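Colleague: Before we start, here is the structure in question, set down as structure tokens.
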Amino acid sequence: AVEEKKLLQKFYHLLEAKGFQTRMEGVELLQDMCKTSPQLISTNIAQIFDYFVLRISDSHKKVKQKALDVLAEITGALKNALNPVIIGLVEGITKTVLKTALLLLSS
């Protein structure tokens, strides 16, 4: 349990980092944790996705794309565990799509 807590703390720290490469590491860590510790993800899904959903609308294009790619990959693995966070995910994705549309319209 202590090791899992440390892993989650590392994950949260990476996703909140200033550097985009470090935030990408955090997204990749979620991808790895879904493969190696799906129960850990399921048990902490609300808190994990509070951090992760911010990367879906990240200011850096590479982080945003990686987060969307990882989300597409892990959705099948997490299945019903995503139920508590679906609304937040939809809001995050919608925000990203609207931002992109506004940028395209203004150029």
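Colleague: Mind checking the angle between helix 20-36 and the chain's longest principal axis? C-alpha axes, 0 to 90 degrees, to the nearest 10.
Modeller: Once rounded, one gets 50 degrees.
Colleague: Let me ask something additional. Out of the total accessible area of the chain (probe 1.4 Å, heavy atoms of protein only), what percent is carbon and sulfur?
Modeller: Values: 3900 of 6760 Å².
Using a 1.4 Å probe with all protein chains present, the chain comes out at 58 percent carbon and sulfur.
Colleague: What's the FRET efficiency of LEU89 with GLU3 using the Cβ-Cβ distance as r and R₀ = 22 Å, to the nearest 0.05?
Modeller: With R0 = 22 Å, the Cβ-Cβ based efficiency is 0.20.
Colleague: If you don't mind, there's one more thing I want to ask. Just order 50-58, 87-95 by mean Cβ neighbour count inside 10 Å, highest at the front, would you?
Modeller: 50-58, 87-95
Colleague: Whole Å is fine, so just give me how far the alpha carbon centre of segment 15-32 lies from that of segment 74-107.
Modeller: If we compute the Cα centre of each part, the gap is 18 Å.
Colleague: Roughly how tilted is helix 2-15, in degrees to the nearest 10 and between 0 and 90, from the longest Cα axis of the chain?
Modeller: So the helix axis and the longest Cα principal axis differ by about 10 degrees.
Colleague: In debye to the nearest 20, how big a dipole does the chain give about its Cα centre with +1 on each Lys and Arg Cβ and -1 on each Asp and Glu Cβ?
Modeller: Around 260 debye, computed over the chain.
Colleague: Taking Cα pairs under 8 Å and at least six residues apart, what relative contact order does the chain come out at, in percent?
Modeller: 26 percent
Colleague: To continue, here is another question. Might you tell me the accessible area per residue for segment 8-50, computed with a 1.4 Å probe and given in Å²?
Modeller: 53 Å²
Colleague: Same structure, new question: Please compute P(r) over all alpha-carbon pairs of the chain, binned at 10 Å starting from zero, and give each bin as a whole-number percent.
Modeller: Answer for the chain: a P(r) of 15, 48, 30, 6, 1, 0 percent.
Colleague: Additional query: May I ask you to derive the FRET efficiency for LEU104 and GLN39 from their Cβ-Cβ distance with R0 = 41 Å, giving the value to the nearest 0.05?
Modeller: Once rounded, the FRET efficiency stands at 0.50.
The values are calculated or read from the model by the stated rules, or taken from the named source; none is laboratory data. This is a predicted model, so every value here is computed, not measured. Please note: Cβ atoms are built from the backbone with ideal geometry, for glycine as well, and neighbour counts cover all protein chains shown. Accessible surface areas use protein heavy atoms only, side chains included; no ligands, DNA or RNA. Shrake-Rupley method; radii C 1.70, N 1.55, O 1.52, S 1.80 Å.
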